[in-house]
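In what follows, a structure is listed as structure tokens, so that the remarks can point back to it.
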Amino acid sequence: MPSLVLLKEMIKALRRCVTTRYPFGPPATIIHGYRGQPEIDKEKCTGCGACAQACSTEAIRMKQGEDARIIDIFYGKCAFCQRCEDVCPEDAIRLTERFELAGYERESLRVNNEVRMSKCANCGHTFFPDKQIEIMKKRVLENIKADIKAEVQVDLEKYSRYCVNCRRDLSFTMDTHTRKWY
Amino acid sequence: MGLIDWARKKSPWITHAHCGGCNGCDIEIAAALTPRFDIERLGCLLKNNPRYSDVLIITGPVPKHTEPMLLRIYQQTPDPKIVMAIGECAIAGGIYVEEGYDNYSIARGADNAGGADKVVPVDVYVPGCPPKPEAIIHGLALALKKLPEKKLKAKASNTR
Amino acid sequence: MSFLMYLADFLIYPGLVFAFVVGWFFYWLFRKLRARMQYRRGPPWFQPFADIIKLLSKSSIVPKTAHRKLFVWLAVVLFVSIWATLMFIPAGSSSAPIAFFGDLIALLYLLLIPPLVFVACGPSSSSPYGSIGSNREVVLMLAYESAFTIAIISIAFMTRSLSLSVIVGQQSGFSWLIFRNPFAAAAIFLCLVGKLHLKPFDIPEAEQEIVAGTVTEYSGKFLGLIEISRTLLWYIAGVLFADLFLGGGDGLPPPWCVIDLLIKASIVVFTLTIVNVASARYRIDQAFTWYLKIPIPLSLIGLALAFVIGG
Amino acid sequence: MTTATEIESALRAALGSDLIESYRGADNRCFIRINRNRIRDICRILLTDFQARLCQLSGMDLGLEGLDLFYSFSLDHGEKGLHVIVKANLPREDPKIDSLTLLTESANFPERETAELLGIQFLDHPNLKHFMLPYEWPAKMESSSRTEIFGEEKSNEVQQGAAWVPLRPSKESMLASVIPIGPYHPALIETAFFKLQVDGEKILNADMKFGFNHRGIMRLMQNRSYWRDIYLAERVCGICSQAHSTAFCRTAEMINKIDIPDRARYIRTFMCELERLQSHLLWLGVAMDLIGFQTLFMLSWKDREIVMDCQEMISGARVHKAMNTIGGARRDIAKEIIPKIETKITELKKSLVTTINTVANDSIIKARTKDVGLLTKNDAINLGVVGPTARASGVDIDVRRDDPYAAYGEVSFKVITRSEGDVLAKVVVRLGEIEEALGICEYCLDVLQNVGGSLSTETSEFAEGDAFGKVEALRGELVYYIASDGTNVPKAVRMRTPSFNNNASIPYMLREQTIADAPIIIGSIDPCFSCTDRLVELEDVKTHRRYMATLKQLSRKRKRL
């Protein structure tokens, strides 16, 4: 025979239900810090691709566009592990608290960011994202001794116009301050 | 036909096909039945019998081993039916499919991307790893919106 | 005109439409109460109706391995037999559309048809789950039908009548049979739990063991027919118990007698729901011994009581 | 009380020159390499003289150096954390070794699996047949032979396995009919296939087929860096995801011999116990649903939601918590949410009273579970079952106590055991563990409020070597073996999940029971087929191609459906 405790619980339950009204009301729990749809801050993103390296499921990929690099997040494959947020040097990528992500098309489950690429002044090919070069220059100047700062800044401006291959080829023909250090 | 469309929307019976996932999505689907989320208030019943059901929920990356079974379940479901792919694995193979590595045990398409839609046509994709029950309910709501477009096939197919 | 009257009886009141609406309400009440007792919100009021309309509109698959004719016709036979049963049950007014001396016996036979149809459904679909379901249905039927029949006979002794309308008529003025013979009432109540496949006796359609039991392979329109029959069975169970033991409509004037009956029947449904919610499922052998241990002795005591105090 | 040195000297004495190499690993592990001919002797010594338990049996393909088999024996009932890992090398051209199945039944499944995946022939194995891979897979895989490695041509004929016909009784059992359970069945959320030979309602015999969830995880792990593998390890199973990542991180830390900070240790313990709570409540609900008690299913899952809320609050997700990293914890449990979690746990404690009382007093539950699915202590030891399944049969093992990891060495808790071995005992053991887990959680929260410090020790490189780690997952002992070659990608990852061992006990428990009890008996061990079928191996390309060919035949079959 059923226990009295259960019967009491059933009568208690009749008076009170714990069900959410979700599709017609707010969700049952609103938790701060829920790991939902990933999002890129287009201002901050430099297109360095650290997130694509760290991504545990290859949901984030770097694609080469015409003259832009595309950071492509396919959250139909994302594991919502937050590794990208951990490694991003610019805090540009983060997981939002949005969870209503369903869609009719597989290809609609994407978030993109295009980062413009610099063209090499010598060969005309694209090589690095603009923003990344800016950041790189800034970082170098921050960490360098004050006495050679002005010289290095001039050099950086010259170097940063060329792609890696051309820089190597041209470095000895270019008239730069750093050359004399060798 | 208004009455029939209304009735179909109000009474989606579900069959859940576990196709080799990690169980995360499956317990979230089961959690959707329980007091906190209770999808019976939307008319859903988890029937686990393809003959009875209108909505086929697929979880997991569909290993080749399960592929024929999934196809059979799909064929056994009477029209009109809706197929939902729940979780990353069912959408594109998720963590189990990697570029540059040929995962021999998982069904994949030509572009090396996995997913349930390589085996049966999928109507609604619900991302999340796993999606929380609210997200599943949201996906179900989207699926029901699409239901009136589905028509009976001209000739009822005889399946085993 | 009398033909039209008959047609109205069959189709509207107390026939198909009335019984379906009331059964729909009972079935919804059952599901709603079950949900509420489990802290859930439960389905909206139109749920059973929506389910049935949807099933009737879906495509129907007949399995290749099934015996096609039997498979299809069994669903129809089930529906028709239950429809016919409705004609014997007084719904509020003191007599049913078909009432004659001995209609209780006819009712007993008609109530046997649904379980028998369920028994036949299983093998006809040649599904292993269906076969096991039929097996279990037979055993369960043997268990509860004997108690059911003995209890009905004890009522017949009590009232010295084999006519339902006489039995209902005798109970007016609160001389309800449940007070005069509580043992038979308890026995019949427990048999109704088995007849409706409620827990702890939902063994023939135990979902976790044999999917949906005998009707596993049905789909679409046939399943819709079976669902309608199930809804009507809820009506029969509630109203029959109210008629036999709770005094039916109490001989009140027309609109009130129906309301009176429905309130009583709702209480029966409520009690059935509590039993269903508060219990797990027995194994088939345990269920059989349980029926031998409790309802059958109860019904025999009821029979003895009927002999002793008589009508 | 046996110590590592005692065992080493005993084995050295027994083996003589057949002992090729022996060294010690972290956490009291002894690794020895022996000549393959002596494996049965070693096993006999360890099993009978030292009452060891066979933990794991697996192998890896080293390419030209042949195949490496390793056997892990656990002796942690003696000294804390004592394990002997016996390794044997087999040449590619002659991959034969003596089977251990005659000595202990717990070698049966692992040997069948290894035979299927690596093509190793186990001599004298009583029942070496298909088990994990699809039926269409070649029935007898030749040892992944050197012909394939060296590119010699082989005939393209595909050896066909026995064709699989579901839902049809086989000819040899005309008297007893066969009832299929699965691959899809309402009683099992996951896919597994049980063939029950029945006479009426009585089960005469049972056969199993797994592998429907086979995703090739272990192979995939060898393609990814350690840090990315953590998330893959989590996704072996969604219910025990924290246990899997803890086991992976523990083993990886053992390779580098890193100690993790206190706060991280307590966070790990706390998360593991939360997960145990949610899993046992989940199991209780499912088990009650299997015997038709829908209300208790709803009640226990209602309580489970409280635990899920805690997990969501701490980690931002309900299922895959992603709390671990190698060297510590990734996420902190913020001090301001600790009081919130404490109130939730008190709430849970209060509402669990109803559930526990009902389970204890209900007569139908008792009728359905008492003396059903008996597993005797002898069988339990012989089959090598672990976790609550073993503890319900009176086998007193618990990794948390025997081989403490995270903060379990400092937390006090009881190991619950029962001697009956039936389903009711399993229910009681799990209910007891729920109470213990609540206690541990409260203790951990207290500590977490006071202990500060960093969250993780930074690591970026891995030493060469191998390690054997295990944790008490929710269903029992979960074993990881990682071999590292010094790069940031593991050379081999092998895991043995608790369900893999526990599943072996299903046929024993099913015999002489009724079909109605089959779901609850199968459910009573809390089988997790995602865990069971995580596997794999198969390093050669040729077999892969062969498989594709058979798949085509499969699709032809499908069209006829």
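State whether one or more residues within the range C:23-45 are out of contact with any Phe, Trp or Tyr (no Cβ under 7 Å at 6 or more places or on another chain), surrounded by 18 or more Cβ atoms within 10 Å (Cβ to Cβ), farther than 21 Å from C:Lys199 by Cα and not charged (D, E, K, R). For the range C:23-45, residues out of contact with any Phe, Trp or Tyr (no Cβ under 7 Å at 6 or more places or on another chain), surrounded by 18 or more Cβ atoms within 10 Å (Cβ to Cβ), farther than 21 Å from C:Lys199 by Cα and not charged (D, E, K, R): absent. Of everything in the range D:441-460 that is over 29 Å from the mean Cα position of the chain (by Cα) and hydrophobic (A, V, I, L, M, F, W, C), the residue that is modelled with the lowest pLDDT is D:Val451.
Residues of the range B:106-119 that are crowded, with 20+ Cβ neighbours inside 10 Å, in a loop (DSSP other than H, G, I, E, B) and among the aliphatic types (A, V, I, L, M): B:Ala107, B:Val119. Per the conditions (1) small (Gly, Ala, Ser); (2) outside any loop (DSSP other than H, G, I, E, B); (3) on the phi > 0 side of the Ramachandran plot, the sole criterion not satisfied by C:Gly92 is (2). Among the residues making up the range D:409-426, those that are in a helix (DSSP H, G or I) and surrounded by fewer than 23 Cβ atoms within 10 Å (Cβ to Cβ) are D:Gly409, D:Glu410, D:Leu424. Annotation: of all residues in the range D:461-480 being surrounded by 24 or more Cβ atoms within 10 Å (Cβ to Cβ) and among the aromatic types (Phe, Trp, Tyr), the one that is nearest to the chain's Cα centre (by Cα) is D:Tyr480. In the range A:9-30, the qualifying residues are those that are surrounded by 12 or more Cβ atoms within 10 Å (Cβ to Cβ) and more than 10 Å from chain C (Cβ to nearest Cβ), and the one that is farthest from D:Asn357 (Cα to Cα) is A:Pro23.
Sub-6 Å Cβ pairs linking a first residue in the range C:70-84 that is surrounded by 16 or more Cβ atoms within 10 Å (Cβ to Cβ) to a second residue that is among the polar types (S, T, N, Q) and at pLDDT 85 or above, at least 6 apart or interchain, are C:Leu78/C:Ser229; C:Phe79/C:Ser229; C:Ile82/C:Ser229, ordered by first then second residue. Of all residues in the range C:163-186, those satisfying the criterion of being touching a Gly at 6+ places or on another chain (Cβ under 6 Å) and buried (at least 20 other Cβ atoms within 10 Å of the Cβ) are C:Val168, C:Gln171, C:Trp176, C:Asn181, C:Phe183, C:Ala184. Within the range A:43-59, is there a residue that is in a strand (DSSP E or B), within 29 Å of B:Gly114 (Cβ to Cβ) and not β-branched (Val, Ile, Thr)? So far as the range A:43-59 goes, no, none of its residues is in a strand (DSSP E or B), within 29 Å of B:Gly114 (Cβ to Cβ) and not β-branched (Val, Ile, Thr).
If D:Ile506 meets every condition in (1) out of contact with any Asp or Glu (no Cβ under 9 Å at 6 or more places or on another chain); (2) buried (at least 24 other Cβ atoms within 10 Å of the Cβ); (3) not charged (D, E, K, R) apart from one, which number is that one? If we test D:Ile506 against (1) out of contact with any Asp or Glu (no Cβ under 9 Å at 6 or more places or on another chain); (2) buried (at least 24 other Cβ atoms within 10 Å of the Cβ); (3) not charged (D, E, K, R), just (2) comes out false. Across the range B:33-53, not a single residue is classified as outside any loop (DSSP other than H, G, I, E, B), within 16 Å of B:Val124 (Cα to Cα), more than 7 Å from every other protein chain (Cβ to nearest Cβ) and under 14 Å from the mean Cα position of the chain (by Cα).
Can D:Arg215 be described as surrounded by fewer than 22 Cβ atoms within 10 Å (Cβ to Cβ), at pLDDT 75 or above, closer than 30 Å to D:Tyr481 by Cα and within 14 Å of chain B (Cβ to nearest Cβ)? Spelling it out, it is not the case that D:Arg215 is surrounded by fewer than 22 Cβ atoms within 10 Å (Cβ to Cβ), at pLDDT 75 or above, closer than 30 Å to D:Tyr481 by Cα and within 14 Å of chain B (Cβ to nearest Cβ). The single condition among (1) over 20 Å from the mean Cα position of the chain (by Cα); (2) in a helix (DSSP H, G or I) that C:Phe10 does not meet is (1). β-branched (Val, Ile, Thr), more than 7 Å from chain D (Cβ to nearest Cβ), out of contact with any helix residue (DSSP H, G or I) (no Cβ under 8 Å at 6 or more places or on another chain) and in a loop (DSSP other than H, G, I, E, B) - does that describe any residue in the range B:86-104? The answer is yes, given that some residue of the range B:86-104 is β-branched (Val, Ile, Thr), more than 7 Å from chain D (Cβ to nearest Cβ), out of contact with any helix residue (DSSP H, G or I) (no Cβ under 8 Å at 6 or more places or on another chain) and in a loop (DSSP other than H, G, I, E, B). Within the range C:208-217, the residues that satisfy the criterion of being within 7 Å of another protein chain (Cβ to nearest Cβ) and either touching an Asp or Glu at 6+ places or on another chain (Cβ under 8 Å) or at pLDDT 85 or above (or both) are C:Gln208, C:Ala212. Filtering the range A:88-106 down to residues that are basic (Lys, Arg) and more than 13 Å from the chain's Cα centre (by Cα), which residue is nearest to A:Pro23 (Cα to Cα)? Out of the qualifying residues, it is A:Arg98. Any idea which of (1) within 30 Å of C:Trp290 (Cα to Cα); (2) under 18 Å from the mean Cα position of the chain (by Cα) is the one A:Leu6 doesn't satisfy? Condition (2) is where A:Leu6 drops out. A search for C-beta distances below 6 Å between a residue of the range B:61-78 that is within 14 Å of chain C (Cβ to nearest Cβ) and touching a residue at least 60 places away in the same chain (Cβ under 8 Å) and any residue that is of a type in the set (A, V, I, L, M) and assigned to a loop (DSSP other than H, G, I, E, B), counting only pairs 6+ apart in sequence or on different chains, returns B:Pro78/C:Ile61. Just one of the numbered conditions (1) of a type in the set (Val, Ile, Thr); (2) under 23 Å from the mean Cα position of the chain (by Cα); (3) within 11 Å of another protein chain (Cβ to nearest Cβ); (4) buried (at least 23 other Cβ atoms within 10 Å of the Cβ) is not true of D:Thr295: (2).
Residues of the range A:42-69 that are β-branched (Val, Ile, Thr) and touching a residue at least 60 places away in the same chain (Cβ under 8 Å): A:Thr46 alone.
Scanning the range B:117-130 for residues that are within 10 Å of chain A (Cβ to nearest Cβ), within 13 Å of B:Val83 (Cα to Cα) and in contact (Cβ under 8 Å) with a residue 40 or more places away in the chain yields a count of 5.
Of all the criteria given as (1) buried (at least 24 other Cβ atoms within 10 Å of the Cβ); (2) free of Cβ contacts under 8 Å to residues at least 40 places away in the same chain; (3) in a helix (DSSP H, G or I); (4) not small (Gly, Ala, Ser), the one not satisfied by D:Thr251 is (2). Considering the range D:427-517, the qualifying strands (runs of 3 or more DSSP E), each wholly inside and each with 1 or more residues that are without any contact (Cβ under 8 Å) to a residue 24 or more places away in the chain, run over D:464-473, D:476-485.
Of all the criteria given as (1) at positive phi; (2) touching a Leu at 6+ places or on another chain (Cβ under 9 Å); (3) surrounded by fewer than 16 Cβ atoms within 10 Å (Cβ to Cβ), the one not satisfied by D:Asn28 is (3). If only residues of the range C:284-311 that are modelled with pLDDT under 85 and either among the aromatic types (Phe, Trp, Tyr) or within 29 Å of C:Leu29 (Cα to Cα) (or both) are counted, the one that is surrounded by the most Cβ atoms within 10 Å (Cβ to Cβ) is C:Ile284. The residues listed here are D:Leu383, D:Leu375; of these, the one that is within 30 Å of C:Ile284 (Cα to Cα) and crowded, with 22+ Cβ neighbours inside 10 Å is D:Leu375.
Just one of the numbered conditions (1) within 7 Å of chain B (Cβ to nearest Cβ); (2) within 30 Å of B:Gln75 (Cβ to Cβ) is not true of C:Arg40: (2).
The values are calculated or read from the model by the stated rules, or taken from the named source; none is laboratory data. The model shown is predicted, which means the values in this text are computed figures rather than measured ones. Note that we place each Cβ from the backbone using ideal geometry, even for glycine, and neighbour counts take in every protein chain shown.
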